[in-house]
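The structure appears right after this line, and notes come after that.
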Amino acid sequence: MKDVLWLVRNTLSKTFRKKRNVLLYIGLPFISIFIAFLVYGGSGVKTLHVGIVDKDHSQIATDTAHFLSGLGNVKTAAIPQSELKSQLADGKLDCAIIFEKGFAASVRSGNPAHIRMASIKGAEVTKFVQSYLYQYIDHIVSISKVSSGNEQTFQTMYDEFQKASYKVKTIHLQDLSQSSDLTYQTMGVLILFMLMSAFSLSELILAERENRTYFRLLSSPVSAGKYVLSNVLCNLIVMAVQIALITAAMKYVFHMTMNLSIWQLSAVMFLFAWISTGISLMMVSLSNSRSAFNSLQSLIAVPTCMLSGCFWPVEIMPKALQKVSDFLPQRWTLETLDKLQTGHPLSSLYLNILILIAFALCFFLFAIYKFSRNRNTHNFV
């Protein structure tokens with residue numbers, strides 16, 4: 001064990017002696033957070049700018065506009081009809097409400113009409129304003145129906161309604177889907193960087209074979225098994241540090257709501273660290289040179305991450321590609337995290353965990369088999 005620890009310490013010190021490697025293994029994974037923020041982090045609560053075009057010039061229209069101005073995150077402004085289209089097109093207004101001539105009379109009669117909305121941003125904006133606007137108008141219509149057409153009774157009840165402390169309180173609910181997407185995207189990009197880190201560290205085996213360091217080590221009491229084990233430990237240590245730094249940054253620096261505990265997130269990602277190490281060792285066992293290894297890396301890393309949904313939701317891909325992703329460990333890792341975020345207890349995801357463990361075992365067993373069969377010590381060309 002002392003030999004293994006010496007090899008681990010020697011490999012890590014030699015690797016991180018170069019500042020470029022510190023950036024590659026430690027700094028680069030933080031890009032996953034920034035990419036996620038660029039994709040999902042820009043949609044927060046915003047103020048809606050609503051233009052009011054009052055052609056009715058009635059008390060009811062004025063009071064309705066005043067009611068809208070009192071809503072949270074809604075800013076109203078009276079504008080002339082001539083500027084309506086230009087302000088909507090320029091983005092100065094999110095939507096506009098036009099009170100046509102006869103609006104007040106239609107409300108008094110119990111059949112509200114002569115009111116319309118204009119927007120180029122679609123129902124996402126108009127539905128929000130409509131829900132409050134129509135509720136307010138419905139109250140006035142109810143007064144009209146109770147007054148039974150008596151003008152004096154209607155006016156008295158309407159004045160009392162305006163004097164009453166009628167308030168609409170808006171409460172901002174946390175958008176769990178956005179925070180879940182943010183975490184999903186971060187972990188998806190981190191998975192790619194973990195694979196790249198594992199490939200880079202395992203490539204050292206081939207590099208040291210090429211420069212004959214590997215064979216000089218084998219002439220000492222260090223065995224081939226201890227050498228490979230030290231490389232596995234180096235992989236796991238580096239990726240464990242990556243996971244710890246990223247999860248800590250997500251929670252304590254960027255204050256991201258992950259919708260699952262840190263230990264659950266770390267446990268699933270550390271399980272994928274074993275898978276990444278197994279894949280990298282399998283590639284080493286299949287490669288006779290670093291150039292062959294790099295060719296395999298370009299075929300495996302990015303394409304499999306793309307198919308697994310690391311960069312976009314897997315649901316947007318064709319059904320055939322979705323079925324292919326079911327055979328990839330990245331997909332099962334992300335699916336496990338997604339289910340944990342939606343409230344599934346870890347104990348209910350035993351099948352996902354067993355599948356991830358099976359992936360790791362398959363890759364490691366394949367690598368061990370190939371290493372045991374490949375005993376040639378030829379020079380690399």
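The values are calculated or read from the model by the stated rules, or taken from the named source; none is laboratory data. Remember, predicted model here, so these are calculated numbers, not experimental data. Cβ sites come from the backbone with ideal geometry, for glycine too, and all protein chains shown count toward neighbours.
Some points to look at:
- Given (1) within 20 Å of Thr247 (Cβ to Cβ); (2) modelled with pLDDT of 90 or more; (3) polar (S, T, N, Q), number of the condition Thr342 does not satisfy: (2)
- The helices (runs of 4 or more DSSP H) located wholly in region 270-381 that include 3 or more residues which are under 29 Å from Leu206 (Cβ atoms) and not polar (S, T, N, Q) occupy 290-308, 329-341, 350-373.
- Selection from region 70-104 of residues that are surrounded by 15 or more Cβ atoms within 10 Å (Cβ to Cβ), in a helix (DSSP H, G or I) and among the hydrophobic types (A, V, I, L, M, F, W, C): Leu84, Leu88, Phe103, Ala104
- Matching option when the condition is assigned by TED's automatic domain parsing to the domain that holds Ala267 and either modelled with pLDDT of 70 or more or not in a helix (DSSP H, G or I) (or both), among Thr170, Thr186: Thr186
- Residue that is farthest from Ser13 (Cα to Cα), among those in region 229-269 that are outside any loop (DSSP other than H, G, I, E, B) and of a type in the set (Ser, Thr, Tyr): Tyr252
- Residue check, Gln330 under 15 Å from the mean Cα position of the chain (by Cα) and closer than 28 Å to Ile262 by Cβ: no
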